[in-house]
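What follows draws every value from the coordinates through simple rules; no lab data is involved. Model, not experiment: these values are computed from the prediction. With ideal geometry, Cβ positions are generated from the backbone for all residues, glycine too; neighbour counts draw on all protein chains shown.
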Amino acid sequence: MTPTSSSVTPRITRRVLNESVYREAQAFGLSELQSRILAGRLDTPRAPVEALVNPSLRHIAHPERLIDAPRAAARIAQAVEAGEHIGILTDYDVDGITSHVVILRTLNELFGVPRARLHSLIGHRIQDGYGISQPLVDKTLALTPRPSLIISADCGSSDEARLAQLAAAGIDVVVTDHHALPVDGPPRSAHSVVNPSRADCDYPDTTIAGCMVSWLVMSLTRSVLIKRGQLEAESPKLSPWLSYVALGTVADCVSLGDSAINRAVVTLGLSLINRMDAPCWRVMAERLGPDSTPFDAETLAFQMGPRINARSRLDDPYAALHFMLAERDDVAREYLTLLDQDNQARKTIEQTMVETARARVQPAIRDEARVLVVFLEEGHAGVQGIVASRLVQAYGRPAFVLTPAADPGMLTGSGRSVDGVHLRDALQRAFELAPEALPRFGGHSGAAGVGLPIDAVAAFTRAIVQAVDEQLGTRPLYPRILCDGELAPAQMSLATLDELAHLAPFGREFDAPVFEGEFRVDQARLVGSEGNHLMLTLEAGGALIKAIRFRAVDPGDALPVAVDDRVRVAFKLNRNRFRGRESIQLMVEHMEAVTALDRA
């Protein structure tokens, strides 16, 4: 369906530059283009330019600055010393799985805890639900022998009722998490709650992912064990596990903007990944082909992350854990095949749900609704977040996708936001307006999850609309393509790509550069198995350059442009590798016709 309302027509919008950052970047020695890219992304930076463009471990603040981390580390060290059984309870997404790997490998390989005393507890998204859920509590209590300590990761901050049950059974729970906490503070029944989002925590970066919190806590535990004489002072550090932390950080879409810590973790983690020491990295490179290496942040975000997430969206997540932990290539290859199959199934489900959701929201679009809430009766809970993201991309509004929950009469949902709307804060406000319509919610600024009664959809919609309106004021909403200005024809080159690569990694709140320009269409044809990708040769200033726009048309549609058409294009520069040769290619993000009126 092609939207006709001006409020859903994408607009190319040039980024506003932070002049002080621009001057600082040039004084630091960056080029004009590099300075422009930085200044268009850093609004109120908390770190100097040097820390952002030269990531280093020295920019990672000491874990003792995390409140409760020393208490947590002491309890974990006690369990290691006493030979206790330890449960590792994590979320089922990439952040949770990578947290699980960090904790398990540290306990087993660095601290010497036998695998027989380590219990992996990962919820099934559909059957168990998110966090320290009741089914996971029941499974924990049924273990023989029962663990006396549980370390949670990427969850637990909002699970007081279930934590109280575990505490009553004599089980200590060390919560490590990064999600926003309830208004009444950290759960009282936990032994300790390590979360940079705590109001009483002075850790300098609240944007770190759950896997990074786990890494910091386990690093501090190593120090405690050394002080107690349980480990040698020269015992291995946790630095190699930064490869997993990099994957979890990128896949969880935490900030790569003004976070010196996240940028350091991803940069160093990618350097470790590209050594290809572990089977999981090697077989992924093998699956993606010879032109896929070296891996970059986009490889983690769009290749590895979706495959791991797909398993937990559609099935139990243990295959993803086994893939990451595999010690032989053939074992990793076997599990990767399962992840690939689930990812293909996820794509099919996603396509159907997106088409249905887009059709369902058309009345709201015509009414200029500022928040989209859609209930898909036949939808799959594991794909809610992806579908919500597609709605945000298409219509430029916060979106919630709801599907039936396992409990009769209940729905679960995922929301995604736009710049200027803090989704977790909006849900807190919606809860204040209609508490009966939103019994459960959590998340952060860009993404959130909800649980609500099926008969409360209308009340929830009214409340969340009011909450978002209070944040936005009168600001209009529409899909925006943020651009970094124009490039001269000579700048559309591999040399410019190398220049931009010095600013990597790119990701959430530090998007890869997008440029705009006017071109004449020299050649155009549809390609791909379904004939829906547009291959172009574009001309500007007498220079010809190849370009491609994926999913430019629906299968069976006609060519959308003709030779000699003039078009305005928003594009990314891309390094096209083929049979060992490299060339520049434009990846078209948006294209619109240039009329005589526009040119006037």
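Simple rule: put +1 on each Lys or Arg Cβ and -1 on each Asp or Glu Cβ in the chain, find the dipole, and look at VAL392, ALA153, ALA332; the Cα lying farthest toward the positive end is ALA332. Comparing HIS444, VAL374, ALA430 along the charge dipole axis of the range 361-472, the residue lying farthest to the positive side is HIS444, per the Cβ-charge model.
Here's the picture: charge each Lys and Arg Cβ at +1 and each Asp and Glu Cβ at -1 in the chain, and of GLY96, SER235, LEU559 the one pushed furthest to the positive end of that dipole is SER235.
Restricting attention to the chain, close to 65% of DSSP beta bridges with both partner residues there are antiparallel.
Normalised by the number of residues in the range 274-346, the mean separation of alpha-carbon contacts (under 8 Å, six or more apart) gives a relative contact order of 39 percent. Across the range 481-599, the relative contact order, built from alpha-carbon pairs under 8 Å that are at least six residues apart, equals 25 percent. List the relative contact order of the chain as a percent without decimals, with contacts defined as Cα pairs under 8 Å and 6+ residues apart. About 13 percent, as a whole number.
Using only side-chain charges placed at the Cβ, +1 for Lys and Arg and -1 for Asp and Glu, the dipole size of the chain relative to its Cα centre rounds to 380 debye.
Only lysines eight or more places from LYS227 in sequence, or on another chain, were considered; those with a Cα closer than 20 Å are LYS237. For LYS572, give me every one of the lysines with a C-alpha distance below 20 angstrom, ignoring sequence neighbours fewer than eight places off in its own chain. Hits, sequence-local ones excluded: LYS546. Sorted on the mean count of surrounding Cβ atoms within 10 Å across their residues, most packed first, peptides 560-572, 489-501 read 560-572, 489-501.
Peptides 401-414, 504-517 ranked from most to least packed by the mean count of surrounding Cβ atoms within 10 Å: 504-517, 401-414. Calculated FRET efficiency, ALA558 to ILE481, Cβ-Cβ distance, R0 = 30 Å: about 0.80 to the nearest 0.05. Of the peptides 382-388, 228-234, 164-170, the ranking by mean beta-carbon count within 10 Å, highest at the top, reads 382-388, 164-170, 228-234. Mean residue ellipticity at 222 nm, helices only, the chain: -11500 deg cm²/dmol; runs of at least 4 DSSP H residues each add -39,500 (n - 2.57), and the sum is divided by the number of residues.
Separation of the range 457-479 from the range 265-325 is 37 Å, based on Cα centroids. The alpha carbons of the range 1-129 give a radius of gyration and a Dmax of 23.5, 67 Å, in that order.
For the range 274-346, the dipole from Cβ point charges (+1 on Lys and Arg, -1 on Asp and Glu) about the Cα centre works out to 120 debye, to the nearest 20. By the rule of a C-alpha distance below 14 Å, with chain neighbours fewer than 8 residues away ignored, the aspartates and glutamates paired with LYS139 are ASP128. Summing Cβ point charges (Lys, Arg +1; Asp, Glu -1) relative to the Cα centre of the range 539-600 gives a dipole of roughly 480 debye.
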